[in-house]
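Everything below concerns the one structure shown next.
The values are calculated or read from the model by the stated rules, or taken from the named source; none is laboratory data. Everything quoted here is computed from the prediction, not taken from an experiment. Every residue, glycine among them, receives a Cβ derived from its backbone with ideal geometry; neighbour counts consider all protein chains shown. The protein model used for the area step is the full one, side chains on, heavy atoms only, and it has no ligands, DNA or RNA in it. Shrake-Rupley method; radii C 1.70, N 1.55, O 1.52, S 1.80 Å.
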Amino acid sequence: MRRLIFQPEHDQFRESARRFFQKEVAPHGERWRAQGHVDREIYKKAGEAGLLLTWAEERFGGAGISDFRFEQIIIEENIIHGEIGFYINLHSNLVAPYIDALGTPAQRERILPGCVSGDTILAIAMTEPGAGSDLAGMRTRAEDKGDHWLLNGAKTYISNGFLADLIIVAARTQPDQKHGLGLFLVEAGMPGFDRGQRLKKMGLHAQDTSELFFNDVKLPKENVLGDPTSGFRYLTRFLAKERLVAAIGSLAAAQVAFDITLDYVRERRAFGRPIGAFQHNRFVLAGLRAELDAVQTLIDQCVLLLNDGELSGEDAAECKLLATELEGRMVDAGVQMHGGAGYMEEYRISRLYTDARVSRIFAGSSEIMKEIIGRGLGLDERKMG
């Protein structure tokens, strides 16, 4: 289905972005997957190409584009033509916006130019061993020592944790308050800050995921991001956009899986005819085609709502739930239709399958998405009496 939300300037930008990912990213994917992380230089190349923080003000080196459709295009083209493990989406759309929205003028002047150029790679650290997505159960703590903050604790499953130059770390600042958290800027090389091993994952092999440890890390007062007691509110404030970003990526990956599966079943023959000619395969792909178009339309509509400042948590949860669940069904069907070849890592459908499994977990699991949607319907036991 032809998508109606893009103008000629978006189409031109897509062509430019596509060329970048085809030339600078795709050729390195296999090597990056083997080494467990992308090269640092790819962030600098993306910065030179104007693909990092397109929304950042021109005085910081950005293009000053508030239209999220340009970032949507970057996410899609990286997944279709680049390497899903290159977490440009995390850098530009999940972490940097915290600094832009919550940072002081001095923090923004000091940090954002490097983020735009790719010299400063970003990460955010919320998840802890044993706590998972339960922010209220966070144990990493930051103590106000008068002229500095003292940070202690550990984080795990941190995307970009190995490469990151600057990490936004969530820590408990009010021990007696369930939501008494703060956000702190931890920079590479600070005494007491150590990275653990790069974690081995089922998929996303080119995307580095690490453990982080903080042992009496002295943080200057200028490394506090916003109000040191409002971290929980800040984190929930940015979740809707994070879930929309996840949905965009999942739907793009599902579309890739559909395209390569369709090509395969047209060519692969069994019992004297293409396997796509069998009614079962034809019906499965027909149903998935309809779902892909429907979910893409929902996502595109939510991108426009985000542009207008009207994207709700429930809308974003619907996008993430439907896109990630559809991605899971699509890659599974793709592997099945590829037969034995689908189980071989040399076939892209195999990598799409393993890469996709985490989509229904990160940025809020499918079960959490249903909770959010259900509560939005007024079905909240805490308020129903």
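Structural remarks
- Of the criteria (1) open to solvent by less than 30 Å² (accessible area, probe 1.4 Å); (2) more than 27 Å from residue 363 (Cβ to Cβ), which one residue 111 fails: (2)
- Pairs, first farther than 17 Å from residue 261 by Cβ in the stretch 281-306, second of a type in the set (S, T, N, Q), C-beta under 7 Å, six or more apart: 303/72
- Boolean, residue 238 is touching a strand residue (DSSP E or B) at 6+ places or on another chain (Cβ under 8 Å) and of a type in the set (Phe, Trp, Tyr): no
- Residue check for residue 103: on the phi > 0 side of the Ramachandran plot and at pLDDT 95 or above: no
- With respect to the conditions (1) free of Cβ contacts under 8 Å to residues at least 24 places away in the same chain; (2) farther than 25 Å from residue 3 by Cβ; (3) open to solvent by 40 Å² or more (accessible area, probe 1.4 Å), residue 274 lacks only one, and its number is (3).
- Test result for residue 312, under 28 Å from residue 70 (Cα atoms), touching a Gly at 6+ places or on another chain (Cβ under 9 Å) and surrounded by fewer than 16 Cβ atoms within 10 Å (Cβ to Cβ): yes
- Complete set of residues in the stretch 315-334 that are open to solvent by 30 Å² or more (accessible area, probe 1.4 Å) and closer than 27 Å to residue 270 by Cβ: 329, 332
- When every residue of the stretch 249-268 is checked against the conditions, at least one turns out to be among the aliphatic types (A, V, I, L, M), surrounded by fewer than 20 Cβ atoms within 10 Å (Cβ to Cβ) and in contact with a helix residue (DSSP H, G or I) (Cβ under 9 Å, 6 or more places away or on another chain).
- Every residue from the stretch 18-36 that is over 10 Å from residue 86 (Cβ atoms) and either within 18 Å of the chain's Cα centre (by Cα) or aromatic (Phe, Trp, Tyr) (or both): 20, 33, 36
- Only one entry in 101, 142, 125, 96 is surrounded by fewer than 20 Cβ atoms within 10 Å (Cβ to Cβ) and aliphatic (A, V, I, L, M), namely 101.
- All of 352, 304 fail the test of being at pLDDT 95 or above and either surrounded by 18 or more Cβ atoms within 10 Å (Cβ to Cβ) or among the polar types (S, T, N, Q) (or both), apart from 352.
- Pairs with Cβ under 7 Å, 6+ apart, first in the stretch 357-385 and closer than 19 Å to residue 241 by Cβ and open to solvent by less than 30 Å² (accessible area, probe 1.4 Å), second hydrophobic (A, V, I, L, M, F, W, C) and modelled with pLDDT of 95 or more: 359/246; 363/246; 366/321; 369/317; 369/321
- The stretch 158-183 residues that are among the acidic types (Asp, Glu), paired with ones that are open to solvent by less than 10 Å² (accessible area, probe 1.4 Å) and part of a strand (DSSP E or B) (beta carbon under 8 Å, 6 or more apart): 165/122
- The one condition in (1) modelled with pLDDT under 95; (2) at positive phi that residue 309 fails to fulfil: (1)
- Condition broken by residue 219, with the remaining ones in (1) over 25 Å from the mean Cα position of the chain (by Cα); (2) outside any strand (DSSP E or B); (3) surrounded by 14 or more Cβ atoms within 10 Å (Cβ to Cβ); (4) of a type outside the set (Lys, Arg) satisfied: (2)
- Search result, residues across the stretch 200-216 that are more than 16 Å from the chain's Cα centre (by Cα) and of a type in the set (Asp, Glu): 211, 216
- Restricted to the stretch 1-22, and to residues there that are charged (D, E, K, R) and over 16 Å from residue 63 (Cβ atoms), the residue that is most open to solvent (accessible area, probe 1.4 Å) is 2.
- Members of the stretch 145-179 that are open to solvent by 70 Å² or more (accessible area, probe 1.4 Å) and part of a strand (DSSP E or B): 157
- Selected residue (criterion: surrounded by the fewest Cβ atoms within 10 Å (Cβ to Cβ)) from residues of the stretch 187-216 that are within 30 Å of residue 79 (Cβ to Cβ) and small (Gly, Ala, Ser): 188
- Sub-6 Å Cβ pairs linking a first residue in the stretch 23-45 that is on the phi > 0 side of the Ramachandran plot to a second residue that is open to solvent by 80 Å² or more (accessible area, probe 1.4 Å) and basic (Lys, Arg), at least 6 apart or interchain, are 36/198, ordered by first then second residue.
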